[in-house]
Amino acid sequence: MRVLVVDDSALYRKILSEAVSCVSGTEVVAVSSGELALKRLNSETFDLVLLDIFMNEMNGPEVLEKIRRSHSQVSVVMVSGATGRDAAITIGCLANGAMDFIPKPASGSFEAGLEVLKSDIRKAITMARIHGLTALAESAKNPTQVAISAPPLNQPPMKRLQPPPFLDLLLIGVSTGGPRALADLIPLLSAKLPVPVLLVQHMPPVFTKSLAEQLDKSAGLSVKEAEDGYLPIPGDVLIAPGGFHLEVVRNDSGKLQTRLSSAPPVQSCRPSVDVLFQSAAACKLRGAVAVILTGMGCDGADGVASLKNSCPVWCIAQNQATCSVFGMPQAVVLRNLDDEILPLNEIAHRINKIFRV
């Protein structure tokens, strides 16, 4: 794996380069500007670009646009601070083709932040490797060869013939590639959707707020970060805030109510898709639609299984060809928990049809 680090700070070029070098099987090149990065990309082959948001002359979003236009096969991960301004720009980059982002270490706890940074970079390199393998398989006209290799369970659940007639919730789980997928999906959901939408996107604090704000601008539904104790209503899209699990429970009046929890991470995630879906499974719903979108890992599969054991559920998994990473949908498919596998551009239309709006 050849990794190109692009940052105008000599300190961060050194930090990022050393973090990349800690991952076996990598070769790192570091440059100080977007112009130099584009020159190297024109003359050499790279698998992954770690791209700073704020740089002199040509900033990160501008460089990203040029990379996506001329080097679309290269995975780009943004390197961002954790301020509200940084988060808003980062979410825009993710919606415009960046695969993921990595927060810079906080100055107050630099050593601890550096270890987190190394872990984030290992994940980014793993994702870029998966992306490269998937691209190779697609070019060979056999995209399932890379991603689907394990057999389904011996006794899979029975497939439903059609969505349940009575529905109380739309539940969505997504991770890597999520902001871009959600930017395509959420604005196409009908403003007349008769149920609340509860959504988990793996993302740290601050960034989920910016994600909600940006989606709210383009959606007919009301998109916002979930709050503790809120009574969701039709037309709400509630996004789990970074650093907290989002749960849904029945209150004393029997109404659905949100609950935020700082319980330990599940599947190394907080918020976790499994936590949300499993809490919904305990609510004795008349029915639900569960959607698992692009993401690395298997968060969400246990949650879908719990839902299907508790109430009528229709599960839609995003197909491999339109995923940034097919991990989370694949985990659902391998356990035979999906009822439909659809490309991203068909999912919103299908949801609207299921809810008859």
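The values are calculated or read from the model by the stated rules, or taken from the named source; none is laboratory data. Fair warning: this is a prediction, and the values are worked out from it, not measured in the lab. Note that each Cβ is placed from the backbone with ideal geometry, even for glycine, and that neighbours are counted across all protein chains shown.
Listing for the model above:
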{"item": "Among (1) closer than 19 Å to Cys283 by Cβ; (2) buried (at least 19 other Cβ atoms within 10 Å of the Cβ); (3) not acidic (Asp, Glu) - the single one His202 does not satisfy", "result": "(1)"}
{"item": "Within segment 63-79, tally of residues that are surrounded by fewer than 14 Cβ atoms within 10 Å (Cβ to Cβ) and in contact (Cβ under 8 Å) with a residue 60 or more places away in the chain", "result": "1"}
{"item": "Whichever residue in segment 205-246 is among the charged types (D, E, K, R) and assigned to a loop (DSSP other than H, G, I, E, B) and, among such residues, is surrounded by the most Cβ atoms within 10 Å (Cβ to Cβ)", "result": "Asp228"}
{"item": "Test set (1) exposed (fewer than 15 other Cβ atoms within 10 Å of the Cβ); (2) at pLDDT 95 or above; (3) closer than 23 Å to Met127 by Cα - Ala191 fails condition number", "result": "(3)"}
{"item": "Filter pass, Gly97 being on the phi > 0 side of the Ramachandran plot, at pLDDT 85 or above and out of contact with any Cys (no Cβ under 6 Å at 6 or more places or on another chain)", "result": "yes"}
{"item": "Per-region count, segment 250-265, residues outside any loop (DSSP other than H, G, I, E, B) and either exposed (fewer than 14 other Cβ atoms within 10 Å of the Cβ) or at pLDDT below 95 (or both)", "result": "1"}
{"item": "Sole exception among (1) in the same structural domain as Asp339 (by TED's automatic domain parsing); (2) touching a strand residue (DSSP E or B) at 6+ places or on another chain (Cβ under 9 Å) for Pro194, by number", "result": "(2)"}
{"item": "Candidates Glu18, Glu65, Glu35 - the one that is in a helix (DSSP H, G or I), of a type in the set (Asp, Glu) and under 22 Å from Thr176 (Cβ atoms)", "result": "Glu65"}
{"item": "Residues within segment 282-294 that are surrounded by 22 or more Cβ atoms within 10 Å (Cβ to Cβ), closer than 25 Å to Ser268 by Cα and more than 22 Å from the chain's Cα centre (by Cα), tallied", "result": "0"}
{"item": "When residues of segment 295-338 are limited to those that are of a type in the set (Val, Ile, Thr) and out of contact with any Leu (no Cβ under 8 Å at 6 or more places or on another chain), the one surrounded by the most Cβ atoms within 10 Å (Cβ to Cβ)", "result": "Val332"}
